[in-house]
Amino acid sequence: MNMGAIRILGVDPGLRNTGWGVIEVAGSRLGYVSCGSIHTDAATSLAERLALIHRALARLVEDERPAEAAVEETFVNRDPQSTLKLGQARGVALNAVQTDALAWEWPGEAYDVVALIFLHLVADERRALHARVVGALKPGGLVILEAFRPEQLARQAAGARGGPRVRELLYALDDLEADFAALNTIELGEADADFDEGTLHVGLSAVVRATMRRP
């Protein structure tokens, strides 16, 4: 990537063929990086075709490392079934290319549920992200969160594996109460979770869990 250039991924979703292209923008100059398409087999199931699109786009994002992404809008056509399938392909594309929760422009009042599972940020980034999440919830929408709390440092010293190893990235109840003060609390508390999820997520761990509803 050229120094100072912004790399952008564009996706034209389709169930049969999903096209993509990558460019770099530096000031008023545009530069071609790469392009291609993702093909699915009509003989396979809808779920298999959507999964293939997702895997291919996820690999593409990992390889190309775009700073921004754009996905073409889905336009209604004469066939409702085709419209539905195209919308599903677009949904898969959006899911695959959103890679930076802090840089992304969160839509207002768009989601029924936002789940934040072991997403650990320093305090200023955490507060900024949580404010965006609150604004993105529909009225009645839920935020569901699970994260490691500061006591996890002692658990790590005792042999547990998992979670950040610095206090600044661990979440306390007071942090979450302040961040989500505008929401109604359904659940907010500390818990112990016994993890057995491979070599990096093992042992009795200290977590905090929250479920909040937007009025």
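The values are calculated or read from the model by the stated rules, or taken from the named source; none is laboratory data. Fair warning: this is a prediction, and the values are worked out from it, not measured in the lab. Virtual Cβ from ideal backbone geometry, glycine too; neighbours counted across all protein chains shown.
Given the options 89, 93, name the one that is closer than 30 Å to residue 126 by Cα, modelled with pLDDT under 75, out of contact with any Asp or Glu (no Cβ under 8 Å at 6 or more places or on another chain) and surrounded by 14 or more Cβ atoms within 10 Å (Cβ to Cβ). Spell out how you get there, then give the answer.
Values: 89 fails: closer than 30 Å to residue 126 by Cα.
The match here is 93.
From (1) farther than 29 Å from residue 71 by Cβ; (2) exposed (fewer than 12 other Cβ atoms within 10 Å of the Cβ); (3) charged (D, E, K, R), pick out the condition that doesn't hold for residue 109.
(1)
Of everything in the range 13-45, what is in contact (Cβ under 8 Å) with a residue 12 or more places away in the chain, hydrophobic (A, V, I, L, M, F, W, C) and either in a strand (DSSP E or B) or surrounded by 14 or more Cβ atoms within 10 Å (Cβ to Cβ) (or both)? Give them in sequence order.
Within the range 13-45, 15, 20, 22, 23, 25, 26, 33, 35, 38 meet the criteria.
For the range 175-188, state whether one or more residues are in a strand (DSSP E or B), exposed (fewer than 15 other Cβ atoms within 10 Å of the Cβ) and of a type in the set (Ser, Thr, Tyr).
Yes, the conditions are met somewhere in the range 175-188.
Please indicate, with yes or no, whether at least one residue in the range 97-118 is at pLDDT below 80, assigned to a helix (DSSP H, G or I) and of a type outside the set (S, T, N, Q).
The answer is yes, given that some residue of the range 97-118 is at pLDDT below 80, assigned to a helix (DSSP H, G or I) and of a type outside the set (S, T, N, Q).
Return the residues of the range 112-162 that are surrounded by 15 or more Cβ atoms within 10 Å (Cβ to Cβ) and more than 18 Å from the chain's Cα centre (by Cα); say none if nothing qualifies.
148, 149, 150, 151, 152, 153, 155, 156, 160, 161, 162
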